[in-house]
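Structure record follows, encoded as C-alpha cells.
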Ligand code: E4P
C-alpha cells in the first residue's frame, strides 16, 4: 500500500520523506490556502522532497479551463498529477488529458458508481472521501471497499486512493479494503507510529541497560579481590 500525505506543508512532507514511508502527496485548494504561498513555488518546493505523485487541483468548472490548468501544472514538476472534480466536465477533462498522457486524480467521489465512471473515463487515481461521508452518517469505507471490488473485478487500471482519512483506524480499514493508496494528514501518519507498549518497552530496555552499565562500572572500579 502506498502512503501519501494530504498536506501542502513542505516541513511535514520533508519530515515524512526522511522517515522513508512517503510515496506521494495530495493537495487541494483548502490545503494550499492554508500555506498562503504562491502555488507554483510551493509545488516546486514540495517536489524537492517527494518524487512520487503530487496531486494539484484545478479550480475551473469547465473542461477547457481544467485542461488549461492541467497543462500549466505539469510544467511545474514532472510528478504532478492533476486533480479534477467528479463532474461531467471533470470527466471530459480526464478524457482529453488521458489522450495527452497527463495523469488525473478524480476527487470528491462519494459513491462506488462515481468511482466506476472515473475509471471508465481513464482516471489514473480515483479518490473516495471517507471522513466526509462518516461526518454525515454514512459508512465512508464502504465506498472504498466497493470501488476496489468493482474496479478490480473489471480489471480497470485506475488506482483507488482512499482520501479524507482522519485517524489510524481509517488507514487500517483502507488497507484491509485493498485500497491502493491511503492519503492522510501528517498527524494521522504520526499516530500510526504510536503504541503505549512500544514506549513502555523502550523505557524498560533503556532502564535495564543503564543498570548493567552502572554495575559494570562499579565492578571495574572496585579494588582487585574485593
Ligand atoms: C483528498 O485528496 C482530499 O485532499 C482530502 O483527503 C480531504 O480530506 P478532508 O475531508 O479531511 O478535508
>> Anything in the stretch 33-43 that is more than 16 Å from the ligand (Cβ to nearest atom) and loosely packed, with under 14 Cβ neighbours inside 10 Å? List them, or say none.
In response: 36, 38, 41
>> Here's a check for you: in the stretch 178-197, which residue that is assigned to a loop (DSSP other than H, G, I, E, B) and either within 11 Å of the ligand (Cβ to nearest atom) or over 11 Å from residue 1 (Cα atoms) (or both) is nearest to the chain's Cα centre (by Cα)?
In response: 185
> List, please: which pairs have Cβ atoms under 8 Å, are six or more places apart or on different chains, and start with a residue in the stretch 175-194 that is farther than 16 Å from residue 31 by Cβ and end with one that is part of a helix (DSSP H, G or I) and within 14 Å of the ligand (Cβ to nearest atom)?
Replying inline: 177/141; 177/144; 179/144; 182/170; 182/171; 182/174; 192/171
> Yes or no: residue 180 in contact with a strand residue (DSSP E or B) (Cβ under 7 Å, 6 or more places away or on another chain) and surrounded by fewer than 18 Cβ atoms within 10 Å (Cβ to Cβ)?
Replying inline: yes
>> Against the definition (away from the ligand (no atom under 16 Å from the Cβ) and surrounded by 15 or more Cβ atoms within 10 Å (Cβ to Cβ)), how does residue 160 come out, yes or no?
In response: no
>> Looking only at residues that are more than 18 Å from residue 2 (Cα to Cα) and buried (at least 19 other Cβ atoms within 10 Å of the Cβ) in the stretch 138-155, which one is farthest from the ligand (Cβ to nearest atom)?
In response: 143
>> I need the full set of residues from the stretch 7-32 which are in contact with a helix residue (DSSP H, G or I) (Cβ under 7 Å, 6 or more places away or on another chain) and either within 16 Å of the ligand (Cβ to nearest atom) or within 20 Å of residue 166 (Cβ to Cβ) (or both), in order please.
In response: 7, 8, 9, 12, 13, 16, 22, 25, 32
> With respect to the numbered conditions (1) in a loop (DSSP other than H, G, I, E, B); (2) more than 22 Å from residue 16 (Cα to Cα); (3) within 11 Å of the ligand (Cβ to nearest atom), which one is the sole condition not fulfilled by residue 166?
Replying inline: (2)
>> Step by step: first the residues of the stretch 119-137, then only those that are in a loop (DSSP other than H, G, I, E, B) and free of Cβ contacts under 8 Å to residues at least 40 places away in the same chain, then the one that is surrounded by the most Cβ atoms within 10 Å (Cβ to Cβ). Which residue is that?
In response: 123
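Every number in this text was worked out from the coordinates using simple rules, so none of it is lab data. As the structure is a prediction and not an experimental result, all values here were calculated from the model. Every residue, glycine among them, receives a Cβ derived from its backbone with ideal geometry; neighbour counts consider all protein chains shown.
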